[in-house]
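Visitor: Could you have a look at this structure, given as structure tokens, before my questions?
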Amino acid sequence: MRKKVLVVTGGAGNIGKETILLAKKAGYETFCLDLKRSKYANRSVLVDISREEEVEKAFKEIDHINALVCLAEINFQASIENLPWKSWQKLMVVNVRGAMLSLKYASPLFNKGSSIILASSLSENLGKSGYLAYQTSKGAILGLMRAASGGFVERDIRVNAICPGLVHVASNDTMAKIQKSGQEIMNTNKTGHLYKIAKPKEIAEGIMFLISDGSSF
């Protein structure tokens, strides 16, 4: 019997790391596709998710896929009037086209009943100032999720999107800013229902449920 395979793009990040660790405990063989190597995954493939030829090559190293988790993303802050066009383009290429390319080249490798998880964001629904490009890309991810759901339905492949709020990760520049003021932390936390910042492992646990047999949608 073949071992279940989990592929995580952006797997070298904090949420990716926690997802890989939980998946290994659940018996998955894990692949990390990222610009950086992961010491936690069974296999770590260096890839620039914005370059189609690299994405295609990376997926050729994988025999089959039971779960694909697309976490690769970038972010930057800028006002609308000062938004750099090149930065906008780069973000869309990584966040949106990168996810689409991952679906494209993973598609032939999916087993029946496989699961796909895309990463949107709570911010997509909030309209937070200064993050026009990021929030727009996360809205596009929800559109991609819905379209892919229809495209994969006949193969019994589930497609879902997670929409985390503020997550306590080292790469989140928002964390450094809001930690300057206790009151600002409280105001920021009001974007979530429980007035607290999520831990990467909590997000990973949600991902693990969605790729498990316990999730039928």
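The values are calculated or read from the model by the stated rules, or taken from the named source; none is laboratory data. These numbers come from a predicted model, not from an experiment. Glycine gets a Cβ as well: all are built from the backbone with ideal geometry, and neighbour counts include every protein chain shown.
Visitor: Give me the residue from the range 147-163 that is in a helix (DSSP H, G or I) and either in contact with a Ser or Thr (Cβ under 7 Å, 6 or more places away or on another chain) or touching a residue at least 12 places away in the same chain (Cβ under 8 Å) (or both) and, out of that set, farthest from GLU81 (Cα to Cα).
Guide: ARG155
Visitor: Which one is nearest to ILE162 (Cα to Cα), of the residues in the range 14-42 that are polar (S, T, N, Q) and not in a loop (DSSP other than H, G, I, E, B)? Don't jump to the end; show me each part of the working.
Guide: Filtering the range 14-42 for residues polar (S, T, N, Q) gives 14, 19, 30, 38, 42.
Next cut, not in a loop (DSSP other than H, G, I, E, B) only: 14, 19, 30.
On the way: ASN14: 15, THR19: 13, THR30: 20 Å.
Result: THR19.
Visitor: Continuing with the same structure: Within the range 147-163, which residues are buried (at least 19 other Cβ atoms within 10 Å of the Cβ) and over 14 Å from LEU210 (Cα atoms)?
Guide: ALA148
Visitor: Of the conditions (1) buried (at least 21 other Cβ atoms within 10 Å of the Cβ); (2) touching a residue at least 60 places away in the same chain (Cβ under 8 Å), GLN77 fails just one. Which one is it?
Guide: Unmet condition: (1).
Visitor: Shifting gears a bit: Test of understanding: among VAL45, VAL55, VAL69, which residue is assigned to a strand (DSSP E or B), in contact (Cβ under 8 Å) with a residue 12 or more places away in the chain and touching a Phe, Trp or Tyr at 6+ places or on another chain (Cβ under 7 Å)?
Guide: Unique residue meeting the criteria: VAL45.
Visitor: Considering only residues of the range 181-217 that are of a type in the set (S, T, N, Q) and at pLDDT below 65, which is surrounded by the most Cβ atoms within 10 Å (Cβ to Cβ)?
Guide: THR188
Visitor: Of all residues in the range 47-81, which are touching a strand residue (DSSP E or B) at 6+ places or on another chain (Cβ under 7 Å) and over 17 Å from GLY13 (Cα atoms)?
Guide: ALA58, GLU61, ILE62, HIS64, ILE65, ASN66, ALA67, GLN77
Visitor: If you take the residues of the range 109-146 that are assigned to a helix (DSSP H, G or I) and β-branched (Val, Ile, Thr), which of them is surrounded by the most Cβ atoms within 10 Å (Cβ to Cβ)?
Guide: The qualifying residue surrounded by the most Cβ atoms within 10 Å (Cβ to Cβ) is ILE141.
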